[in-house]
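Peer 1: Input: one structure, supplied below.
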Amino acid sequence: MEVITAIAQMRHAVAHAPRPLGFVPTMGALHAGHAALVRRARRECATVAVSIFVNPLQFGPSEDFERYPRDLDADCRLLADVGVDIVFAPGVDAMYPRPPDVVVVPDRLARFFEGERRPGHFRGVATVVLKLLNVVRPERAYFGQKDAQQLAVVQRMVFDLNLDVEIVACETVRDADGLALSSRNRYLSEEERRAAPHLYAALREAARRLEAGDLHTEPLLVAARRELPPLREDYLAVVRPQLFEPVDAVVPGEDVLVIGAAFAGTTRLIDNIRVRVGAAGEAPADRRSPEHVS
Ligand code: AMP
């Protein structure tokens, strides 16, 4: 496994690599969720490259950029075990020799939820993902469903800017009690860790009601919110996966996401579940989408 820090050297390495090349962008502090993305890339691609870069552009001024967990040696051991070919671990100076003037700014997709709570976050994400794709030039890039709004932004960037790469969405990996794995889970105290699965429980409750055919989101979110304490809600909502705008009513048969963010102490957890709305309820006539009107 080659570990590369310079952009020119990375360009050279990928230019000579067997194709297809699968790419997994990460911020390091790797766990079994990242490993699942890498394993999938390993199954599907001749060469696997993983980037480790804590991107300052996607952190707000009061966020955890400085204290974000960093452990390159442990990360490289995990990646070598999974059979990665190339690790790209550039420093901030390599990626941003000057403060960028030209950036990628998602618009509607970044208006609510993570985009609203973290102004500039998706601008930072989209910009660094585009830069990394331009350096690594993969046929496929692997992203986790765990960060569903980020995935939607990246998919839309690829579509809108005609990028020549296939985005592969991978299932969220969870601990046995339902908590989605995250590098930030390391911040949790024992007590906070015990409380953390309540976010998944709230999402499950909303998903159960949607699957049973509840079509109006507010009452089912009220029920789901009861599962959250002792976590403190940031948001809980139902959205359509390509839009990320709050939805009041859903339609039987459609696929929606239940998304949530909640605080365990000062640590913010995010998670989501994809669900197919059940047919038990009746859609209000004016809400039926054309494909559901017989
Ligand atoms: P990060 O290092 O947090 O930027 O994450 C890098 C990639 O790993 C992103 O595409 C995330 O969505 C994905 N990821 C993070 N946690 C998980 C998880 N628990 N299951 C699956 N993918 C994940």
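Peer 1: Calculate the radius of gyration of the Cα atoms of the chain to one decimal place, then report Dmax, the largest Cα-Cα distance, as a whole number, both in Å.
Peer 2: So, for the chain, Rg and Dmax equal 19.9, 59 Å respectively.
Peer 1: Then there is this: Any idea of the accessible area per residue across the chain, 1.4 Å probe, to the nearest Å²?
Peer 2: Per-residue value: 49 Å².
Peer 1: Measuring from label point to label point, each 7 Å out along Cα→Cβ, what is the Val222 to Asp73 span in nm?
Peer 2: Placing both labels 7 Å beyond Cα along the Cβ direction yields 5.6 nm.
Peer 1: Which three semi-axes in whole Å describe the equivalent ellipsoid of the range 127-231, each the square root of 5 times a Cα gyration tensor eigenvalue, listed largest first?
Peer 2: 32, 20, 11
Peer 1: Moving on. What FRET efficiency do you get for Asp160 and Arg232 if R0 is 35 Å and r is their Cβ-Cβ distance, rounded to the nearest 0.05?
Peer 2: 0.50
Peer 1: At 222 nm, what helix-only mean residue ellipticity would the chain give, in deg cm²/dmol to the nearest 500, using -39500 (n - 2.57) for each DSSP H run of four or more?
Peer 2: Rounded to the nearest 500, the figure is -10000 deg cm²/dmol.
Peer 1: Tell me the angle of helix 148-160 to the major Cα principal axis of the chain, expressed in degrees between 0 and 90 and rounded to the nearest ten.
Peer 2: So the helix axis and the longest Cα principal axis differ by about 70 degrees.
Peer 1: Per the 1.4 Å probe, what fraction of the accessible area of the range 2-173, in percent, lies on carbon and sulfur atoms?
Peer 2: On the range 2-173, the fraction of accessible area on carbon and sulfur atoms equals 50 percent.
Peer 1: Here's a follow-up. Once every Cα of the range 87-131 carries one equal point scatterer and solvent is ignored, give the base-10 log of I(q)/I(0) from the Debye formula at q = 0.32 Å⁻¹, two decimals.
Peer 2: For the range 87-131 at q = 0.32 Å⁻¹, log10 I(q)/I(0) is -1.15.
Peer 1: Distance from the Cα centre of the range 166-222 to that of the range 58-129, in angstrom?
Peer 2: 23
Peer 1: Net charge around Leu181, counting only other residues with Cβ within less than 11 Å of its Cβ (Lys, Arg = +1; Asp, Glu = -1)?
Peer 2: Numbers: positive: Lys146, Arg174, Arg184, Arg186; negative: Asp175, Asp271.
With Lys, Arg at +1 and Asp, Glu at -1, the net is +2.
Peer 1: Can you give me the angle between helix 32-44 and the longest principal axis of the chain, using Cα atoms only, in degrees from 0 to 90, rounded to the nearest 10?
Peer 2: Here the helix axis deviates by roughly 70 degrees.
Peer 1: Continuing with the same structure: Counting only C-alpha contacts under 8 Å and six or more residues apart, can you give the relative contact order of the range 2-173 as a whole percent? All intermediate terms of the calculation are to be shown ahead of the outcome.
Peer 2: Working: 274 pairs, mean separation 50.0, N = 172.
RCO, the range 2-173: 29 percent.
Peer 1: So what's the net charge close to Arg40: Lys and Arg +1, Asp and Glu -1, counting the other residues with Cβ under 13 Å from its Cβ?
Peer 2: That works out to +1.
Peer 1: Which value in Å is the Kirkwood Rh of the range 197-237 over different Cα pairs?
Peer 2: 10.0
Peer 1: Could you work out the relative contact order of the range 183-276, using alpha carbon pairs under 8 angstrom and six or more residues apart, expressed as a whole percent?
Peer 2: 33
Peer 1: Could you give the semi-axes, largest first, of the ellipsoid that matches the range 183-276, computed as the square roots of 5 times the alpha carbon gyration tensor eigenvalues and rounded to whole Å?
Peer 2: 25, 13, 10
Peer 1: Ok, one more. Find the eigenvalues of the gyration tensor of the Cα atoms of the range 2-173, then list the square roots of 5 times those eigenvalues as equivalent ellipsoid semi-axes, largest first, in whole angstrom.
Peer 2: Values: eigenvalues 109, 63, 57 Å².
So the equivalent ellipsoid measures 23, 18, 17 Å along its semi-axes.
Peer 1: Give the residue from Gly260, Leu78, Met10 lying farthest towards the positive end of the charge dipole for the chain; charges sit on Cβ (+1 for Lys and Arg, -1 for Asp and Glu) and the dipole is referred to the Cα centre.
Peer 2: The listed residue farthest towards the positive side: Met10.
Peer 1: Could you please state how large a percent of the accessible area of the range 183-276 is carbon and sulfur, counting protein chains only and using a 1.4 Å probe?
Peer 2: The computed percentage sits at 48.
Peer 1: Let me ask something else. If packing is taken as the mean number of other Cβ atoms within 10 Å per residue, what is the order of 176-183, 96-103, 265-272, highest first?
Peer 2: My ranking of the peptides, most packed first, is 265-272, 176-183, 96-103.
Peer 1: Is there a quick way to get the dipole size of the range 2-173? I mean about its Cα centre, with the Cβ of Lys and Arg at +1 and of Asp and Glu at -1; what is the value in debye to the nearest 20?
Peer 2: 240
Peer 1: Give the average over all directions of the projected area of the C-alpha convex hull of the range 63-148, one decimal, in nm².
Peer 2: If you wrap the Cα atoms of the range 63-148 in a convex hull and average its projections, you get 7.4 nm².
Peer 1: With angles folded into 0 to 90 degrees, how steeply does helix 72-82 sit against the dominant principal axis of the chain? Use alpha carbons for both and round to 10.
Peer 2: Approximately 80 degrees, to the nearest 10.
The values are calculated or read from the model by the stated rules, or taken from the named source; none is laboratory data. The structure displayed is predicted, hence computed values, not measured ones. A quick note on method: Cβ atoms are made from the backbone with ideal geometry, for glycine too, and the neighbour counts reach across all protein chains shown. With ligands, DNA and RNA removed, areas are computed over all heavy atoms of the protein, side chains included. Shrake-Rupley method; radii C 1.70, N 1.55, O 1.52, S 1.80 Å.
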